[in-house]
1. Could you list log10 I(q)/I(0) for region 76-205 at q = 0.15, 0.23 Å⁻¹, which the Debye formula gives when each Cα is one point scatterer?
2. Could you state the orientation-averaged shadow area of the convex hull built on the Cα atoms of the chain, in nm² to one decimal?
3. Output the Kirkwood hydrodynamic radius of region 228-313, Cα pairs only, in Å rounded to one decimal.
4. Order of 35, 71, 195, 290 from fewest to most other C-beta atoms within 10 Å?
5. How many percent of Cα pairs in region 270-385 exceed 16 Å?
6. Quick one: grab the alpha carbon gyration tensor of region 9-61, order the square roots of its eigenvalues as a ≥ b ≥ c, and give me rounded if a/c is under 1.5, else prolate or oblate depending on whether a/b is larger than b/c.
7. Per q in 0.10, 0.16, 0.19 1/Å, what log10 I(q)/I(0) does a Debye calculation on the alpha-carbon atoms of region 1-146 return?
8. Rounded, prolate or oblate: which fits region 306-355, taking a ≥ b ≥ c as square roots of the Cα gyration tensor eigenvalues, rounded meaning a/c under 1.5, else prolate when a/b beats b/c?
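Each reported figure results from applying straightforward, stated rules to the coordinates on display, with no laboratory input. Computed from a prediction, not measured in an experiment: that's the story for all the values here. FYI the Cβ positions are ideal-geometry reconstructions off the backbone, even for glycines, and counts take in every protein chain you see.
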């Protein structure tokens, strides 16, 4: 059982972290477009730089946190300092717009985003996720990760439901200042409430040996099941990225849903398939087993996406959206708990970084490119605001449904003797 103190720390750190990531993923881009330049290319440069920074920071700083032994704890220094710096660079981001010439403003916006990402990945992706693995066991890890996943959906609702209205009323600057302040305060309070398990010895060898040793054949063989789960995460992520970047465009332009109806649809899907499903799924993951639920989730996601591609009325869109969003929730909890079960005990920070490598770096390039190619080859030619383009059609969901099935192959290749593959009581 986790103490109330640790639960509060997990909630504060989990929610503020996901809130910051949600804003970075959406409103850093819109700020660049609205306040610096309407050229979309700098946005793509910023996203690429952020993805690379997140991957390197989460692996390297996560590995460093595995080796840290101090009176302040092993993970706490990275979490507290990381969250404070995360908030500071978030608040500084809008100052890039005042710089001239425009090229300097673009450069500084990318630098601020990369610094923010470095601090966030260090504090959240690496240290916080490793901390969750440290303080949980196979019997309660699923429900704890279920709560963290619930916080992710709540953060998305807050950002997509209220951030736009806040920015419209009070401006970008105050919005980023407020968000930075929230991250700083929640990070400091959550860090102060943390309680860490007694530290064991650091990994053998040097820091460089720790990183390089992961990719030696012996290490790959010893952690075979873990890397199979990582591979499944990557294949799943590529399938999701085929349609997800084009979801709003599909709703607005192919189905011709007004923005209010599209927002309502997303709200209902996140509320039911995300927030309401998260904790019960977390309990089920602990009781039924990670492997069994992950395999079932792949099948459910395939069916949900295919049915969504056929839906046309708002009620059926809402129902089928829940049918593909709820499996996403179940998948994130099942493989999140499963991977943490399999992390080498002395390298949890480092391996938390590999989650980012497989689920972000390896997915956010091929997935959107395939979705964009499908949208141009099989989409509907159109002209919007005098610019020629294409409207994505249901094929992006159908191809994503087929691609999702590939994620089941690495799961079937995992061993069946591990305790995480058996129901727990």
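1. Here the Debye-derived log intensity ratios amount to -0.85, -1.42.
2. If I average the Cα hull's projected area over directions, I get 20.4 nm².
3. Roughly 14.9 Å, rounded to one decimal.
4. On the way: 35 16, 71 4, 195 13, 290 31.
Fewest-to-most Cβ neighbours within 10 Å comes out as 71, 195, 35, 290.
5. Tail of the P(r) past 16 Å holds 71 percent of the pairs.
6. Working: a/c = 4.64, a/b = 1.52, b/c = 3.06.
Here region 9-61 falls in the oblate category.
7. Evaluating at q = 0.10, 0.16, 0.19 Å⁻¹ gives log10 I(q)/I(0) of -0.39, -0.85, -1.07.
8. Values: a/c = 5.52, a/b = 4.36, b/c = 1.27.
Verdict is prolate for region 306-355.
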